[in-house]
Amino acid sequence: MDKNIINFTKSQENVYKSLCSLLEFVGLGYQGHYTNINGINIHYLEYGKGEPLLLLHGGGAGSGIFFNQIRFFSRFYRVIVPDHPCFGLSDRTPYNKPLNDSLRNYIISFMDNLGLGKTNVVGLSMGGQGLIACLLKFPERFLKVILMDSAGLGKEFPLVFRLATVPILGKFLINKNNNRSNDMLIKNLEVQSTRFPGFDVYKDYAFKVTKVDNHSEALRKSLYSVTNIFGQKMIFNDKELSSIQKNILIIWGENDKIFPLRHGYRIKKLVENSSLELVKNSGHIPLVEKSKKVNLLMRKFLLDIN
């Protein structure tokens, strides 16, 4: 067993157990590992064999959010799912400014550590923002590309996160003891409905991640790189997005309250080789809320099924 797993703190052990429960919900055992990137311990899950498929989560919870996709796509691919810095079972290291550089350097370094010369990739929310930053500098490193409800495409951002950059308010809003705030984030912002298979198991995992030592402090510091009181700081301009030549599938929850649908329409308009699929009756994380629909969309695109 990885020495990092043996040396879990109590709060990390709780995340580990909750992650195992989430994976067990879809019939998977835990298959986790660690790699070190510039002194930061990065935890990741790995399943299956074949061509790699890298799944990049957003700015919350961790790799476990892809539990339905790991189960489905590990039949076809070597599925690799990291916990980004500050999330899951990785070190609570804040992101530096500028955010896009920080995300790109981390993602490319992670790929290098695992020997991923080229990979298929899915980027959700902040993971999507990091993926776009990578595509602008290293397009040759990626095969088929899927973006889901991506960050970095417009100024709009929920008020609760913008207020969290105000020092006094931030300590109240982003606090591991503020269960009400964490509950509101999932029920009011992430999903449209809680009536889907696995909601309670996913919610427990997401909550446990917020309880890890130093999580609140690292997240508050990271938010200064992400947003201010006026909205998202790092927004890709039209020239940057228009320069992307990759064939991209864009998937967006029709009722996303974190990044509105117009952000999806914007990148669809600017990236010539792109298509946009709307997922009805879903919010910011359609991959969890409408997993069957999303898996079919991904499968059709990745495996060239007509």
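All of the numbers you see were taken from the coordinates with simple rules; none came from a lab. Predicted model only: the values in this text are computed from it and were never measured. Please note: Cβ atoms are built from the backbone with ideal geometry, for glycine as well, and neighbour counts cover all protein chains shown.
Cα centroids of the stretch 80-157 and the stretch 186-246: how far apart, whole angstrom?
Using only Cα atoms, the two centres lie 13 Å from each other.
Rank by packing, highest mean first: peptides 109-116, 80-87, with packing defined as the count of other Cβ atoms within 10 Å averaged across residues.
The most tightly packed comes first, giving 80-87, 109-116.
For the pair Lys246 and Asp213, how long in nm is the line joining their label points, each one 7 Å along Cα→Cβ?
According to this spin-label approximation, the distance is 3.7 nm.
Could you compute how fast the chain diffuses translationally, taking Rh as the Kirkwood radius over C-alpha pairs and applying Stokes-Einstein at 37 °C with viscosity 0.692 mPa s? Give it in µm² per second.
172
At R0 = 25 Å, how high is the FRET efficiency between Asp238 and Leu278 if r is their beta carbon distance? Nearest 0.05 is fine.
Between Asp238 and Leu278 the formula returns 0.65.
Count the net charge of all other residues whose Cβ sits under 14 Å from the Cβ of Lys97, scoring Lys and Arg as +1 and Asp and Glu as -1.
Spelling it out: positives minus negatives among the neighbours equals +2.
Say R0 is 22 Å: what FRET efficiency, to the nearest 0.05, do Leu296 and Leu143 get from their beta-carbon distance?
E between Leu296 and Leu143, to the nearest 0.05, is 0.65.
Filter Lys187/Lys211; Lys203/Lys290; Lys257/Lys293; Lys171/Lys257; Lys118/Lys257 down to the pairs with a C-alpha to C-alpha distance above 25 Å, please.
Beyond 25 Å: Lys118/Lys257.
If each residue of separation counts as 0.36 nm, what is the full-extension length gain between Glu254 and Ile305 once their alpha-carbon separation is subtracted?
Fully extending the segment from Glu254 to Ile305 adds 16.0 nm.
Please give, to one decimal in nm, the separation of the simple spin-label points placed at Leu261 and Ile40, each 7 Å out from Cα toward the Cβ.
3.4
Which residues in the stretch 206-244 place their backbone N less than 20 Å from a point set 7 Å from the Cα of Leu169 along the Cα-to-Cβ direction?
Of the residues in the stretch 206-244, 216-234 have backbone N under 20 Å from the label point off Leu169.
How much of the DSSP bridge set in the stretch 1-82 is antiparallel, in percent, rounded to the nearest 5?
Just about 75 percent of them are antiparallel.
Once the Cβ-Cβ distance between Asn228 and Cys20 is put in as r, and R0 is 35 Å, what FRET efficiency do you end up with, to the nearest 0.05?
0.40
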